[in-house]
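Here is the structure we will look at, set down as structure tokens.
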Amino acid sequence: MQASRRSATAPAVSLVDALTAAGLERRLASLLDDIPHTAVAVDPRRPFRVPGAPRREILFVRSGILCKYKTDGGGRRQIVALRFAGEAILPSQGPADFGIQGIVRSEVLIGSAKDFDRIVDAHPELGRFVWKQILRNEAISYEWLVNCGRRDSTARVAHLLCETVARTGNGAERDRMINPFTQQQIADITGQTSVNVNRVLADLQRQGLIERRGREILFRDWPELRRLASFQPNYLR
């Protein structure tokens with residue numbers, strides 16, 4: 001049966017479990033879990049947050065995938081970051097210069113930046129944890145910059161596939177995944193056209209590196225795909 005985009009992502013995750021898995025003490029994770037929050041469904045067909053507005057809020061992705069995006073002077077969109085289930089978008093100081101949209105239908109927990117800052121200020125070890133997450137996101141941004149700036153179109157797409165496997169917790173032993181992205185979204189992430197993305201995916205299949213069955217991607221030669229993508233997952237730690 002062909003998988004739909006709604007089933008293309010991991011199930012909903014617990015905030016406490018996600019934070020403890022990332023290395024935070026459970027008692028501190030529980031403090032963050034106690035922040036008053038609202039659960040909101042995010043529709044991928046329209047922007048969830050537009051650029052330019054103050055965002056004194058913290059967003060935790062409970063299920064699905066969110067993206068940060070920016071547009072150029074002609075209105076063309078570039079996706080500049082992804083947040084998978086179990087990851088967060090931290091509050092912005094002043095107007096945010098990026099928009100937020102769902103890659104797939106997602107659920108987000110929204111809390112006040114004031115409540116978040118109060119708990120972080122009271123617990124230095126929590127502040128160190130947050131700083132570690134900021135550095136991780138920065139490392140991912142650097143890798144994306146290299147991906148779009150120096151790798152060819154095939155390596156860019158291969159790298160995105162490898163990173164998606166790693167960030168969804170599947171590990172290198174995973175032999176398949178449900179592709180959560182449309183070809184246009186892959187183009188918006190890798191800085192090319194959807195037509196070229198289609199050609200790249202077809203070429204990866206011709207090389208015997210992947211096989212596509214609807215939205216399912218089977219990895220037929222994971223080591224070679226990693227080599228082609230120059231994918232080294234240390235930056236995700």
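Only the coordinates and a few stated rules stand behind these numbers; no lab work does. Note that the coordinates shown come from a computational prediction; the quantities given were computed from them, not determined experimentally. Positions of Cβ are backbone-derived with ideal geometry, glycine not excepted, and every protein chain shown enters the neighbour counts.
Can you give the calculated 222 nm mean residue ellipticity of the chain, where each DSSP H run of n ≥ 4 adds -39,500 (n - 2.57) and the sum is split over every residue, rounded to the nearest 500 deg cm²/dmol?
Numbers: 8 runs with 96 residues, N = 237.
That comes out to -12500 deg cm²/dmol.
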- Query: Where the only charges are on Cβ atoms (+1 Lys, Arg; -1 Asp, Glu), what is the dipole of the chain about its Cα centre, to the nearest 20 debye?
  - Reply: 580
- Item | Relative contact order [Cα under 8 Å, 6+ residues apart], the chain, whole percent | 22
- What is the fewest-to-most order of TYR142, TYR69, TYR235 by other Cβ atoms lying within 10 Å of their Cβ? TYR142, TYR235, TYR69
- Selection from HIS123, LEU15, GLN78 lying farthest towards where the dipole of region 5-148 points positive, charges on Cβ: GLN78
- Hey, if you drop one equal point scatterer on each alpha-carbon of the chain and run the Debye formula without solvent, what base-10 log of I(q)/I(0) do you get at q = 0.08, 0.10, 0.14 Å⁻¹? -0.30, -0.48, -0.94
- Just for the Cα atoms in region 151-236, what are the lengths along the principal axes, largest first, rounded to whole Å? 30, 27, 21
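Based on other C-beta atoms within 10 Å, arrange HIS123, HIS37, HIS159 from fewest to most. Each step should come with its number before you reach the end.
Details: HIS123 16, HIS37 20, HIS159 24.
Fewest-to-most Cβ neighbours within 10 Å comes out as HIS123, HIS37, HIS159.
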- Message: If packing is taken as the average count of other Cβ atoms within 10 Å, what order do 43-50, 73-80 fall into, highest mean first?
- Response: 43-50, 73-80
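How big is the charge dipole of region 10-49 about its Cα centre, in debye rounded to the nearest 20, if each Lys and Arg gets +1 on its Cβ and each Asp and Glu gets -1 on its Cβ?
Numbers: 5 positive and 5 negative charges, 49 e Å.
Rounded to the nearest 20 debye, it is 240 debye.
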- Set of aspartates and glutamates with alpha-carbon distance to LYS114 below 12 Å, sequence-local pairs under 8 removed: GLU57
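If the only charges are +1 at each Lys and Arg Cβ and -1 at each Asp and Glu Cβ, what is the size of the charge dipole of region 115-237 around the Cα centre, to the nearest 20 debye?
On the way: 19 positive and 16 negative charges, 74 e Å.
The calculated dipole for region 115-237 is roughly 360 debye.
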- So SER141 and GLU125, fully extended at 0.36 nm per residue minus their Cα-Cα distance, gain in nm 3.3 nm
- Among ILE58, ILE134, what is the fewest-to-most ranking by other Cβ atoms within 10 Å? ILE134, ILE58
- Message: From Cα pairs below 8 angstrom and at least 6 apart in sequence, can you work out the relative contact order of region 151-236, rounded to a whole percent?
- Response: 41
